[in-house]
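Visitor: If you scroll down you'll find the structure; I have some questions about it.
Just so it is clear, none of the values below were taken in a lab; they were calculated from the coordinates. As the structure is a prediction and not an experimental result, all values here were calculated from the model. Glycine also receives a Cβ, built like all others from the backbone with ideal geometry; neighbour counts cover every protein chain displayed.
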Amino acid sequence: IMAPVSKWTDPIGSDILKQIISRRVPQWPNGLRDYQLENIPRVLAGQNILVFTATGDGKSSFYDIPLLVHKELSENPGLYPPFPVREHPTAIVVTPTKGLADSIV
């Protein structure tokens, strides 16, 4: 019998996300912003989202953090309940200008 797989959109998903951010991104003592914490679990669950915020508000977290989460779960599976994890997670980022691309790489 396989263990049940947890869902990112369940309350435990947000709790695990907070734990991973605390562990992997110690320079963020306050963790994710509310809108990130509300929506990154949707990204991890495979849902599409569209985010409009001001420059510097943390839009890149919507591709950075899911990659970081998959890495943490694959490297430390015993620390967390079972979640769906991609073996080789990949993000594709499309930018309108080279200047913007240079600023996020």
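Visitor: So which pairs qualify, if the first residue must be in segment 6-33 and within 20 Å of ILE49 (Cα to Cα), the second must be basic (Lys, Arg), the Cβ gap must be under 7 Å, and the two must be at least 6 apart or on different chains?
Guide: THR9/ARG42; GLY13/LYS7
Visitor: For residues in segment 1-47 being touching a Ser or Thr at 6+ places or on another chain (Cβ under 9 Å) and among the polar types (S, T, N, Q), which is farthest from PRO84 (Cα to Cα)?
Guide: GLN36
Visitor: Looking at LYS71 and the list (1) of a type in the set (Lys, Arg); (2) touching a Lys or Arg at 6+ places or on another chain (Cβ under 9 Å); (3) over 17 Å from ALA91 (Cα atoms), which single condition is not satisfied?
Guide: All conditions are met except number (3).
Visitor: In segment 69-88, how many are crowded, with 16+ Cβ neighbours inside 10 Å and either within 18 Å of ASN39 (Cα to Cα) or hydrophobic (A, V, I, L, M, F, W, C) (or both)?
Guide: First pass over segment 69-88, keeping only residues crowded, with 16+ Cβ neighbours inside 10 Å: 69-70, 72-73, 80, 83, 85.
Filter once more, keeping what is either within 18 Å of ASN39 (Cα to Cα) or hydrophobic (A, V, I, L, M, F, W, C) (or both): 69-70, 73, 83, 85.
Final tally of qualifying residues: 5.
Visitor: Here is a list: SER22, SER14. Which entry is in contact with a Leu (Cβ under 7 Å, 6 or more places away or on another chain) and of a type in the set (S, T, N, Q)?
Guide: Working: SER22 fails: in contact with a Leu (Cβ under 7 Å, 6 or more places away or on another chain).
Exactly one residue qualifies, and that residue is SER14.
Visitor: Of everything in segment 54-104, what is farther than 24 Å from GLN19 by Cα, under 17 Å from the mean Cα position of the chain (by Cα) and either in a helix (DSSP H, G or I) or without any contact (Cβ under 8 Å) to a residue 24 or more places away in the chain (or both)? Give them in sequence order. Show your work before the answer.
Guide: Initially, segment 54-104 is screened for residues farther than 24 Å from GLN19 by Cα, giving 54-55, 92-104.
Next, only the ones that are under 17 Å from the mean Cα position of the chain (by Cα) stay: 92-93, 104.
Selection gives ILE92, ILE104.
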